[in-house]
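Below is one structure, written out as structure tokens; comments come after it.
The values are calculated or read from the model by the stated rules, or taken from the named source; none is laboratory data. Note that the coordinates shown come from a computational prediction; the quantities given were computed from them, not determined experimentally. Here the Cβ is made from the backbone with ideal geometry for all residues, glycine too, and neighbour counts use every protein chain on show. The area values use the complete protein model at the heavy-atom level, side chains included, leaving out ligands, DNA and RNA. Shrake-Rupley method; radii C 1.70, N 1.55, O 1.52, S 1.80 Å.
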Amino acid sequence: MNVKLLFLISASFLLAGCSKSSSIDARKTGSVPHRLEISTMPELSDEDVFGNELTLDISEEDIQNAVEEASGEFDIPLHSSVVLVQSGARAPDSVMQNEMQKYFRVSTFSGIPASRKKLTTRPSTPVKDIAESDEGELSESKNGVINSNYMQAMRYIAAKGRQKTIVVYWGELEAGKFNSATNSISWKRYSGEKLIDSSLRYLIRFALVDVATGEWAIYSPVNTESATLLSSGNKGESTEVDEQQIAILKQKACQMAASDLVSRYSNKI
């Protein structure tokens, strides 16, 4: 009886000892620095939005026709229906949606490009000519392989939904550090790391596409920068950027961008 009791007490002591975290575990969990998570989803490319015109044979007549078609100003009427798309996001940031909804009736769509499926078609070049040509010089386009067109599909979807304009935007956080040699700020994409004596900005670029005609306009509003945002801590010390600071910067940038876009492209009523 005493032997069993002693065994049970010993086993309980061993189990209790095993349940405690070791000093190694504490160091592993406590020493990992916090890093702000920045989305790295695939972005829409210019080719996704504007098509593959660079690969087409464009004549001078095509250029003059395009000039005539684009003679009027690009316009997005106030309170009209638009599709808002943020590149690299399944849905646009809520702050941008809220700002755009002040001026338009907003629907949203994913800005993550689908895998670029390739559709094999029959070669347009006669078989005889293909046989006589050098196989090494045949490009993908000559082999009858074409890429899907994101914007063509978007215009079709928007037309079915009775939308007038597609508004695509790219938003990117950049960190800048003053370069005394060039007397200017050098900017690079911000990836969530700690910053030392740096500024932060949120760049926005718009691509506006008319659903009916396919005509488009590109617009980049004034940059919104924040030098005081990262002023906490002494000079030369690294500073962590938290989500609240990023949200404040985005709020200011989206508010200015939406307001400026309306002043440029929307009718005053």
Do we find that L249 is part of a helix (DSSP H, G or I), more than 16 Å from V82 (Cα to Cα) and modelled with pLDDT under 85 in this structure? no
Residue tally, condition modelled with pLDDT of 85 or more and either over 30 Å from Y265 (Cα atoms) or loosely packed, with under 13 Cβ neighbours inside 10 Å (or both), over the range 187-208: 3
Could you go through the range 217-236 and let me know if any residue there is at pLDDT 90 or above and either under 22 Å from F109 (Cα atoms) or exposed (fewer than 15 other Cβ atoms within 10 Å of the Cβ) (or both). yes
Select from the range 155-177 the residues that are hydroxyl-bearing (S, T, Y) and open to solvent by 20 Å² or more (accessible area, probe 1.4 Å) and list them in ascending order. Y156
Condition first: farther than 23 Å from S45 by Cα and open to solvent by less than 80 Å² (accessible area, probe 1.4 Å). Now tell me which residues in the range 77-94 satisfy that. P77, L78, S80, S81
What helices (runs of 4 or more DSSP H) lie completely within the range 40-101 and have 1 or more residues being at pLDDT below 90? 46-50, 60-69
Result of the Cβ filter at 8 Å on the range 203-217, keeping first residues that are farther than 9 Å from Y169 by Cβ and partners that are open to solvent by 60 Å² or more (accessible area, probe 1.4 Å) and part of a strand (DSSP E or B), at least 6 apart or interchain, is L203/E172; L208/W216; L208/I218; V209/W216; D210/W216
Identify the residue in the range 173-198 that is in a loop (DSSP other than H, G, I, E, B) and not polar (S, T, N, Q) and, among all such residues, is nearest to S87 (Cα to Cα). Y190
